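What follows is a single structure, written as structure tokens, with notes after it.
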Amino acid sequence: MPRYSVIITRDVTESTVVEAEAETPEQAEVAAFEKLSNSTDTEWELDEGSWNKGDSYVTCVDELP
């Protein structure tokens with residue numbers, strides 16, 4: 001009987017906090033994304049409860065030799 005490697009995925013969300021100086025909330029969002037894209041050491045944290053909220057789904061099935 002053939003054997004398979006099956007990747008099962010579930011989506012989760014992570015968050016990080018970026019401090020930004022700006023005149024409006026909209027400008028703060030833009031500035032925060034800019035700081036984030038220029039960062040090399042951003043730390044992300046799994047959002048509480050995120051890990052078990054989404055449905056699982058198959059992303060790949062490969063037959064094993």
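Quick rundown of the values:
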item: Selection within the range 10-21 - open to solvent by less than 100 Å² (accessible area, probe 1.4 Å) and either under 12 Å from Leu36 (Cβ atoms) or at pLDDT 95 or above (or both); result: Ser15, Thr16, Val18, Ala20
item: Residues satisfying the stated conditions in the range 34-52, i.e. open to solvent by 100 Å² or more (accessible area, probe 1.4 Å), closer than 26 Å to Thr9 by Cβ and in a helix (DSSP H, G or I); result: Trp51
item: Inter-residue pairs, beta-carbon under 6 Å, first closer than 30 Å to Cys60 by Cβ and in the range 1-30, second assigned to a loop (DSSP other than H, G, I, E, B) and open to solvent by 100 Å² or more (accessible area, probe 1.4 Å), 6+ apart; result: Glu14/Trp44; Thr16/Trp44
item: Tally, over the range 39-51, of residues that are more than 15 Å from Glu19 (Cβ to Cβ) and without any contact (Cβ under 8 Å) to a residue 24 or more places away in the chain; result: 3
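Condition check ((1) under 13 Å from the mean Cα position of the chain (by Cα); (2) among the charged types (D, E, K, R)) across all residues:
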site	(1), (2)
Arg3	no, yes
Ile7	no, no
Val12	yes, no
Ala32	no, no
Trp44	yes, no
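Matching residues to (1) at pLDDT 95 or above; (2) polar (S, T, N, Q); (3) part of a helix (DSSP H, G or I); (4) open to solvent by 100 Å² or more (accessible area, probe 1.4 Å):
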{"site": "Pro2", "(1), (2), (3), (4)": "yes, no, no, no"}
{"site": "Ser5", "(1), (2), (3), (4)": "yes, yes, no, no"}
{"site": "Glu23", "(1), (2), (3), (4)": "yes, no, no, yes"}
{"site": "Ala28", "(1), (2), (3), (4)": "yes, no, yes, no"}
{"site": "Ala32", "(1), (2), (3), (4)": "yes, no, yes, no"}
{"site": "Val58", "(1), (2), (3), (4)": "yes, no, no, no"}
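The values are calculated or read from the model by the stated rules, or taken from the named source; none is laboratory data. Remember, predicted model here, so these are calculated numbers, not experimental data. Because the Cβ atoms are built from the backbone with ideal geometry, glycine has one as well, and the counts that use them run over all protein chains shown. Side chains are part of the model used for accessible areas, which takes the heavy atoms of the whole protein and leaves out ligands, DNA and RNA. Shrake-Rupley method; radii C 1.70, N 1.55, O 1.52, S 1.80 Å.
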